[in-house]
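*Asks:* Mind having a look at this structure? Questions to follow.
The values are calculated or read from the model by the stated rules, or taken from the named source; none is laboratory data. Just so it is clear, the model here is predicted, and its values are computed rather than measured. Cβ coordinates were reconstructed from backbone atoms using ideal geometry, including for glycine residues, and neighbour counts include every protein chain displayed. Accessible surface areas use protein heavy atoms only, side chains included; no ligands, DNA or RNA. Shrake-Rupley method; radii C 1.70, N 1.55, O 1.52, S 1.80 Å.
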Amino acid sequence: MEYVIFGAGGTGCAIGFYLTKAGKDVTMIARGDNLRALKEDGLEIRHLWNTTKETLPIQAVSEENYEGTPDVIFICVKGYSIESVLPFLKKHAGPETVIIPILNIYGTGGALQRKLPGYYVLDGCIYVSASRIAPGVLVQHGPILRVVFGPRKDQEVRSILPEIEKDITVDGIQGILSQNIERDCLEKFSYVSPIGAAGLYYHATAGDFQREGKERDLFRSMIQEIQALASAMGFPFEKDYVEVNLRILSGLSPDADTSMQRDVASGHRSEIDGLVHQVVRLGEQYHVNPPMYKMVDEELKRRGIN
């Protein structure tokens, strides 16, 4: 199968590196200095947990120069950039193309499907801690890399989906075809939203959350609020995700932070609306009170972080 990965940040580069290493047909859509570095020098990945690094040649092009209709398109951009992907999808996705958004924001697949009637847009999420630190250079903070994808409730289940699951399960990636993608995306959201929100609130890194203290307490409480919201939405979790997320956190480098923290620190646009403010809005919609999210939401607004 032919794969296109739209977006060459931490998520896109992680998927692209391991699929390319496994010999899959992968084209990365990138821009600017990052595109030039990928084409000229390849993609370097640094494994922070064991201090090793690897470099691979990568097939990368600009969106304007891509030609073809791939079998699978992974969308790996920030939530605020999703509109910019629509022209590419309308031009290059065919009726059989499987579009898999891998974003931090809950509900992206359904929202994108409404903008692309007649296309096949699933939902997806990823478990990885990685960041691009320079053009063509990726740091992966821990060895966990799971790509979860699947059709939403009442959506067509195509025969190609188990083939994709098998095809992307390679050394470095665990591919998972979900039987309940709404719940699975909320479960992932129960990590990425609290860690980003609490990280911003306390200016904290993974090391602060790995030990007992106010940072870890806030992280726990925010996970519990997402669990309560998931139940109200009709997708109750089957595990205690406080325990699950703390276990994930324990495997990270103490210096690891989140992409939202880095975006805010650098003055760039961030995903704070979808990762923090949206939880407060969903709480109102589903009659769930998230006091810790309200506290963080109000404080970030007071700081002028929107």
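Yes/no matrix, rows are residues, columns are (1) more than 17 Å from the chain's Cα centre (by Cα); (2) without any contact (Cβ under 8 Å) to a residue 12 or more places away in the chain:
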{"residue": "74", "(1), (2)": "no, no"}
{"residue": "77", "(1), (2)": "no, no"}
{"residue": "91", "(1), (2)": "yes, yes"}
{"residue": "94", "(1), (2)": "yes, no"}
{"residue": "102", "(1), (2)": "no, no"}
{"residue": "110", "(1), (2)": "no, no"}
{"residue": "121", "(1), (2)": "no, no"}
{"residue": "141", "(1), (2)": "no, no"}
{"residue": "154", "(1), (2)": "yes, yes"}
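*Asks:* I'm trying to understand the selection: among the residues of the stretch 253-262, which are open to solvent by less than 30 Å² (accessible area, probe 1.4 Å) and assigned to a loop (DSSP other than H, G, I, E, B)?
*Replies:* Of the residues in the stretch 253-262, the ones open to solvent by less than 30 Å² (accessible area, probe 1.4 Å) are 253, 256, 258, 260-261.
Answer for the stretch 253-262, where residues must be open to solvent by less than 30 Å² (accessible area, probe 1.4 Å) and assigned to a loop (DSSP other than H, G, I, E, B): 253, 256, 258.
*Asks:* Quick one: in the stretch 216-252, of everything that is over 23 Å from residue 140 (Cα atoms) and acidic (Asp, Glu), which residue is most open to solvent (accessible area, probe 1.4 Å)?
*Replies:* It comes out as 238.
*Asks:* Turning to a different aspect of this structure: Within the stretch 67-89, identify whether any single residue is part of a loop (DSSP other than H, G, I, E, B), in contact with a Pro (Cβ under 7 Å, 6 or more places away or on another chain) and open to solvent by less than 10 Å² (accessible area, probe 1.4 Å), and answer yes or no. Show your work before the answer.
*Replies:* Kept after step one, since they are part of a loop (DSSP other than H, G, I, E, B), are these residues of the stretch 67-89: 67-71, 76-78.
Among the residues that remain, those that are also in contact with a Pro (Cβ under 7 Å, 6 or more places away or on another chain) are: none.
No; the residues of the stretch 67-89 include none that is part of a loop (DSSP other than H, G, I, E, B), in contact with a Pro (Cβ under 7 Å, 6 or more places away or on another chain) and open to solvent by less than 10 Å² (accessible area, probe 1.4 Å).
*Asks:* Of the residues 268, 287, 277, which is out of contact with any Phe, Trp or Tyr (no Cβ under 8 Å at 6 or more places or on another chain), in contact (Cβ under 8 Å) with a residue 12 or more places away in the chain and not in a helix (DSSP H, G or I)? Outline the logic, then answer.
*Replies:* Numbers: 268 fails: in contact (Cβ under 8 Å) with a residue 12 or more places away in the chain; 277 fails: not in a helix (DSSP H, G or I).
On inspection, the qualifying residue turns out to be 287.
*Asks:* Let me ask something else about it. Do we have any residue at all in the stretch 156-168 that's under 29 Å from residue 289 (Cα atoms), in contact with a Phe, Trp or Tyr (Cβ under 8 Å, 6 or more places away or on another chain) and surrounded by 19 or more Cβ atoms within 10 Å (Cβ to Cβ)?
*Replies:* No, the stretch 156-168 has no match at all.
*Asks:* Name the single residue that is farthest from residue 306 (Cα to Cα) among those in the stretch 263-287 being among the aliphatic types (A, V, I, L, M) and open to solvent by 30 Å² or more (accessible area, probe 1.4 Å). If you could, list the steps in order and put the result at the bottom.
*Replies:* Start the filter on the stretch 263-287 by keeping residues that are among the aliphatic types (A, V, I, L, M), which leaves 264-265, 272, 275-276, 279-280, 282.
Right, trim to open to solvent by 30 Å² or more (accessible area, probe 1.4 Å) and you get 264-265.
Details: 264: 9, 265: 13 Å.
Restricting to residues being among the aliphatic types (A, V, I, L, M) and open to solvent by 30 Å² or more (accessible area, probe 1.4 Å), the top hit is 265.
*Asks:* Hey, another quick one. Quick one: would you say residue 201 is modelled with pLDDT of 95 or more, closer than 21 Å to residue 226 by Cα and open to solvent by 20 Å² or more (accessible area, probe 1.4 Å)?
*Replies:* Working: modelled with pLDDT of 95 or more: yes; closer than 21 Å to residue 226 by Cα: yes; open to solvent by 20 Å² or more (accessible area, probe 1.4 Å): yes.
Considered against the rule, which asks whether it is modelled with pLDDT of 95 or more, closer than 21 Å to residue 226 by Cα and open to solvent by 20 Å² or more (accessible area, probe 1.4 Å), residue 201 comes out as yes.
*Asks:* If you don't mind, there's one more thing I want to ask. Which of the residues spanning the stretch 90-122 are polar (S, T, N, Q) and either open to solvent by 30 Å² or more (accessible area, probe 1.4 Å) or closer than 21 Å to residue 65 by Cα (or both)? Explain how you work it out, then say what you get.
*Replies:* Of all residues in the stretch 90-122, those polar (S, T, N, Q) come to 97, 104, 108, 113.
The answer is 97, 104, 113.
*Asks:* Using the structure shown, decide if residue 140 is in contact with a strand residue (DSSP E or B) (Cβ under 8 Å, 6 or more places away or on another chain) and among the polar types (S, T, N, Q).
*Replies:* On the way: in contact with a strand residue (DSSP E or B) (Cβ under 8 Å, 6 or more places away or on another chain): yes; among the polar types (S, T, N, Q): yes.
For residue 140, the condition - in contact with a strand residue (DSSP E or B) (Cβ under 8 Å, 6 or more places away or on another chain) and among the polar types (S, T, N, Q) - is met.
*Asks:* Continuing with the same structure: Taking the condition of being aliphatic (A, V, I, L, M) and either more than 19 Å from the chain's Cα centre (by Cα) or under 15 Å from residue 106 (Cβ atoms) (or both), how many residues in the stretch 171-199 meet it? Before you say what the answer is, go through the steps one by one.
*Replies:* From the stretch 171-199, those aliphatic (A, V, I, L, M) are 173, 176-177, 181, 186, 192, 195, 197-198; that's our starting set.
Within this subset, residues satisfying the condition of being either more than 19 Å from the chain's Cα centre (by Cα) or under 15 Å from residue 106 (Cβ atoms) (or both) are 181, 186, 192, 195, 197.
So the answer is 5.
*Asks:* Continuing with this model, one more query. Looking only at the stretch 211-224, how many residues end up being touching a helix residue (DSSP H, G or I) at 6+ places or on another chain (Cβ under 6 Å) and within 16 Å of residue 244 (Cβ to Cβ)? Don't jump to the end; show me each part of the working.
*Replies:* As a first pass, look at the stretch 211-224 and keep what is touching a helix residue (DSSP H, G or I) at 6+ places or on another chain (Cβ under 6 Å): 215-216, 218-223.
Next, only the ones that are within 16 Å of residue 244 (Cβ to Cβ) stay: 216, 219-223.
Count: 6.
*Asks:* Looking at this structure, is residue 201 under 22 Å from residue 49 (Cβ atoms), aromatic (Phe, Trp, Tyr) and part of a helix (DSSP H, G or I)?
*Replies:* Numbers: under 22 Å from residue 49 (Cβ atoms): no; aromatic (Phe, Trp, Tyr): yes; part of a helix (DSSP H, G or I): yes.
In short, no.
*Asks:* Continuing with the same structure: Could you check, for the stretch 239-247, whether at least one of its residues is touching a Phe, Trp or Tyr at 6+ places or on another chain (Cβ under 6 Å) and assigned to a helix (DSSP H, G or I)? Talk me through it step by step, then tell me what you get.
*Replies:* Just the residues of the stretch 239-247 that are touching a Phe, Trp or Tyr at 6+ places or on another chain (Cβ under 6 Å), to begin with: 245.
Subsequent filtering for residues that are assigned to a helix (DSSP H, G or I) retains 245.
Yes.
*Asks:* Another question, then. Within the stretch 290-306, can you find the residues that are surrounded by 20 or more Cβ atoms within 10 Å (Cβ to Cβ), part of a helix (DSSP H, G or I) and not hydroxyl-bearing (Ser, Thr, Tyr)? Quick ask: steps written out before the conclusion?
*Replies:* Here is the first cut: in the stretch 290-306, the residues surrounded by 20 or more Cβ atoms within 10 Å (Cβ to Cβ) are 290, 292-293, 296-297.
Subset that is part of a helix (DSSP H, G or I): 292-293, 296-297.
Scanning the stretch 290-306 gives 292, 296, 297.
*Asks:* List the number of the failed condition for residue 129; all other conditions in (1) over 16 Å from the mean Cα position of the chain (by Cα); (2) surrounded by 22 or more Cβ atoms within 10 Å (Cβ to Cβ) hold.
*Replies:* (1)
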